[in-house]
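We did not get these values from a lab; they are worked out from the coordinates using the rules stated. Every value quoted in this text rests on a predicted model; they were computed, and no experiment measured them. As a convention, Cβ positions derive from the backbone with ideal geometry for all residues, glycine included, and neighbour counts pool all protein chains shown.
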Amino acid sequence: MEQSIWKIEWNASMAFGIPELDEQHKHLVVLINALNEAIVSGAVTDKLAGLMDAILEDSRAHFSDEERILTDDAYPHRKGHKLLHEILKNELDHVKQECDGTQNIKLWPEYGLLVRQLFLNHFLDETRKYREFRAP
């Protein structure tokens with residue numbers, strides 16, 4: 001089965017191995033998929049903006065939890081990881097600003113794919129590094 005460019009399929013390579021963080025990642029995947037499903041189905045901008053707000057809110061809480069856990073674990077790349085979170089938050093804020101209040105539905109597909117890719121890259125790259133750190 002061919003994977004959709006719009007959807008993130010959760011798999012073990014995205015897992016930290018910490019249940020709290022993995023559940024938060026799974027929830028973010030659900031929100032990102034809902035955003036892109038709404039974009040593809042032609043939802044009104046108010047619904048899209050609401051989903052984007054949920055992604056922003058949940059990702060900020062998740063990043064805070066993740067940074068706390070990485071600090072508690074003395075993860076050697078925690079400062080760089082936190083910087084990546086700042087960059088990701090800035091990108092998400094940019095998407096929100098670009099799309100807020102606009103009725104130009106043509107902007108959303110590009111930004112929906114961007115949000116998907118930003119999180120997918122983060123999940124795959126950063127969780128792998130952390131799992132390698134925790135491996136005996």
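Brief remarks follow.
- Residue within segment 34-54 that is surrounded by 14 or more Cβ atoms within 10 Å (Cβ to Cβ), within 30 Å of Arg134 (Cα to Cα) and either free of Cβ contacts under 8 Å to residues at least 60 places away in the same chain or of a type in the set (S, T, N, Q) (or both) present: no
- Answer from Ser59, Ser4 - the residue that is under 11 Å from the mean Cα position of the chain (by Cα), surrounded by 12 or more Cβ atoms within 10 Å (Cβ to Cβ) and not aromatic (Phe, Trp, Tyr): Ser59
- Any hit, segment 13-24, residues being buried (at least 18 other Cβ atoms within 10 Å of the Cβ), at negative phi and of a type in the set (Ser, Thr, Tyr): no
- Beta carbons closer than 8 Å, at least 6 apart along the sequence or on distinct chains, pair a first residue in segment 109-127 that is over 16 Å from Ala43 (Cβ atoms) and free of Cβ contacts under 8 Å to residues at least 24 places away in the same chain with a second that is hydrophobic (A, V, I, L, M, F, W, C) and surrounded by 19 or more Cβ atoms within 10 Å (Cβ to Cβ) for Leu114/Val95.
- Subset of segment 77-93 that is in contact with a helix residue (DSSP H, G or I) (Cβ under 7 Å, 6 or more places away or on another chain) and more than 16 Å from Leu120 (Cα to Cα) - its residue that is surrounded by the fewest Cβ atoms within 10 Å (Cβ to Cβ): His77
- Tally of residues being in a helix (DSSP H, G or I) and small (Gly, Ala, Ser) across segment 84-136: 1
- Extreme residue, farthest from Ser64 (Cα to Cα), among residues of segment 1-39 that are part of a helix (DSSP H, G or I) and of a type in the set (S, T, N, Q): Asn36
- Matching residues in segment 23-33 - criterion: being farther than 13 Å from Val115 by Cα, free of Cβ contacts under 8 Å to residues at least 24 places away in the same chain and within 12 Å of the chain's Cα centre (by Cα): Lys26
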